[in-house]
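Below you'll find the structure, written out as structure tokens, and then a few comments.
The values are calculated or read from the model by the stated rules, or taken from the named source; none is laboratory data. Being a predicted model, the structure only gives us computed values, none of them experimental. Note that we place each Cβ from the backbone using ideal geometry, even for glycine, and neighbour counts take in every protein chain shown. To get the accessible areas, we keep the full protein, side chains included, count just its heavy atoms, and leave off ligands, DNA and RNA. Shrake-Rupley method; radii C 1.70, N 1.55, O 1.52, S 1.80 Å.
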Amino acid sequence: MEVFNTPAKIIITCNRRLSPYLQEEVEELGFKVVRPFNTGVEIKASINECIKLNLNLRAASQVLYQLRSFKASDPKELYDELVKIAWEEILPFDGYFTVTSHVHNETVTTPLFANVKVKDAIVDRIKDKKGMRPNSGPGLDKAVIHLHWMEERAEIFIDTSGETLAKHAYRKIPGKAPMLEALAYSTIAASKWDGKSPFINPMCGSGTLAIEAALIAQNRRPGLLRMNYAFMHLIGYNEEVFFQERRILKEQSDKAIMPVIVASDISAEAVEVSRQNARTAGVEHLIQFETGDFEKTTVPEEKGVIMFNPEYGERLGTHFKLEATYKRIGDFLKQSCKGYRGYIFTGNPDLAKKIGLKASRRFEFFNGKLDCRLLQYELYEGSKD
């Protein structure tokens, strides 16, 4: 079973509402999207092509390569179908694998039971063919097999990613209520920032938005910061393909592009966390860090994008105090950021009303399970006319 060079159905997953930004990325890499959906896109590709996807994508979570699709009414049918697959040609008999799943079948009360049936089928097949069995467990740092089982339709995938791609491997210190890297990237993609004009991020927290902006500006891809993926632990993996893709990443990044990126926070601790995360990402020198109230943030005369991700009042702070903060943000945008496009990311529509500006666009996102909006404001110089 030669999966590295054989094209098959690929499902690239992402967090809810990120699929438009994922689709843009996938198409920019030269792939044709067969079908977009709320939590991902479908394409056709080989696992060698999945290596390119894993190293490049910023909005994705997992890249899944389909092995088979079949009917399975219950766990016995699932096992009987899975044991037919030539697992001994995919997974090393002396290796390690884990099973993940998304299951909705009336005969299964817990996905963990389905995972065990998948594991049993794989181990039994390899032991029958090779006389030895691989180890298995919960770790995502080796080979990963994914089951998608809805009613009587089952699909079995190789998860070529392993650990999620939605984390970009630089945020060693998360800070309070951090924004997921894939979400931060997608909000900047939604803003259509050009990567050259100023990007201003007051209330920067752990610095994710500013760091993602710096990485976008120089076309530095997440694969430059990560050296282990699940595809590396499959039979047939050629490390030269990986290193060739990595060389392309290095060659296409442009260190000459150095836009003004400002990250400020009233908390000196948050600014230091941001600085350390930026250092890990290799972009500390691109970001101007400032400590102080957001109203004191440097706003260059050259027009660009200014983006806030203030507290929502869900986990942090008090609602009454935040009402005053949101009003001050609106006043600051109106008075100090003329000519910029302003953005506020919030999960609290009541607080958003206190901004005192009319949003020209509203982009829908989720932050975890929280329904959020990225509000866009055109900050005209003089009158709108």
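Given the criteria closer than 16 Å to residue 149 by Cβ, of a type in the set (Val, Ile, Thr), part of a strand (DSSP E or B) and in contact with a helix residue (DSSP H, G or I) (Cβ under 9 Å, 6 or more places away or on another chain), does residue 63 qualify?
no
Do you know which residues across the range 250-265 are without any contact (Cβ under 8 Å) to a residue 60 or more places away in the chain, part of a loop (DSSP other than H, G, I, E, B) and either over 25 Å from residue 55 (Cα atoms) or of a type in the set (Asp, Glu) (or both)?
254
Could you grab me the full set of residues in the range 333-357 that are of a type outside the set (Ser, Thr, Tyr) and surrounded by 18 or more Cβ atoms within 10 Å (Cβ to Cβ)?
Of the range 333-357, the ones of a type outside the set (Ser, Thr, Tyr) are 333-335, 337-339, 341-342, 344-345, 347-357.
333, 337, 341, 342, 344, 345, 347, 348, 351, 352, 355 - these are the residues of the range 333-357 that are of a type outside the set (Ser, Thr, Tyr) and surrounded by 18 or more Cβ atoms within 10 Å (Cβ to Cβ).
Can you report the number of residues in the range 177-209 which are among the small types (Gly, Ala, Ser) and within 13 Å of residue 343 (Cβ to Cβ)?
The number of residues fulfilling the criteria is 5.
Before we move on, is residue 330 open to solvent by less than 20 Å² (accessible area, probe 1.4 Å), of a type outside the set (S, T, N, Q) and within 15 Å of residue 203 (Cβ to Cβ)?
In short, yes.
If you check 32, 71, which single one turns out to be modelled with pLDDT of 95 or more, loosely packed, with under 13 Cβ neighbours inside 10 Å and more than 21 Å from the chain's Cα centre (by Cα)?
Working: 32 fails: more than 21 Å from the chain's Cα centre (by Cα).
So the residue among 32, 71 that is modelled with pLDDT of 95 or more, loosely packed, with under 13 Cβ neighbours inside 10 Å and more than 21 Å from the chain's Cα centre (by Cα) is 71.
Working only within the range 107-142, note down all residues that are more than 26 Å from the chain's Cα centre (by Cα) and loosely packed, with under 13 Cβ neighbours inside 10 Å.
109, 110, 128, 131, 132, 135 - these are the residues of the range 107-142 that are more than 26 Å from the chain's Cα centre (by Cα) and loosely packed, with under 13 Cβ neighbours inside 10 Å.
Residue 144 versus (1) within 27 Å of residue 233 (Cα to Cα); (2) in contact (Cβ under 8 Å) with a residue 60 or more places away in the chain; (3) part of a helix (DSSP H, G or I); (4) aliphatic (A, V, I, L, M): which is the lone unmet condition?
Of everything listed in (1) within 27 Å of residue 233 (Cα to Cα); (2) in contact (Cβ under 8 Å) with a residue 60 or more places away in the chain; (3) part of a helix (DSSP H, G or I); (4) aliphatic (A, V, I, L, M), residue 144 misses just condition (3).
Provide a single number: the residues in the range 96-106 that are open to solvent by less than 60 Å² (accessible area, probe 1.4 Å) and either modelled with pLDDT under 95 or in a helix (DSSP H, G or I) (or both).
Number of matching residues: 1.
Hey, could you check the range 227-247 for residues that are touching a residue at least 40 places away in the same chain (Cβ under 8 Å) and farther than 15 Å from residue 4 by Cβ and say which is surrounded by the fewest Cβ atoms within 10 Å (Cβ to Cβ)?
228
Being in contact with a Leu (Cβ under 8 Å, 6 or more places away or on another chain) and modelled with pLDDT of 95 or more narrows it down to one residue among 344, 287, 329; which is it? Steps first, answer last, please.
On the way: 287 fails: in contact with a Leu (Cβ under 8 Å, 6 or more places away or on another chain); 329 fails: in contact with a Leu (Cβ under 8 Å, 6 or more places away or on another chain).
After ruling out the rest, the residue left standing is 344.
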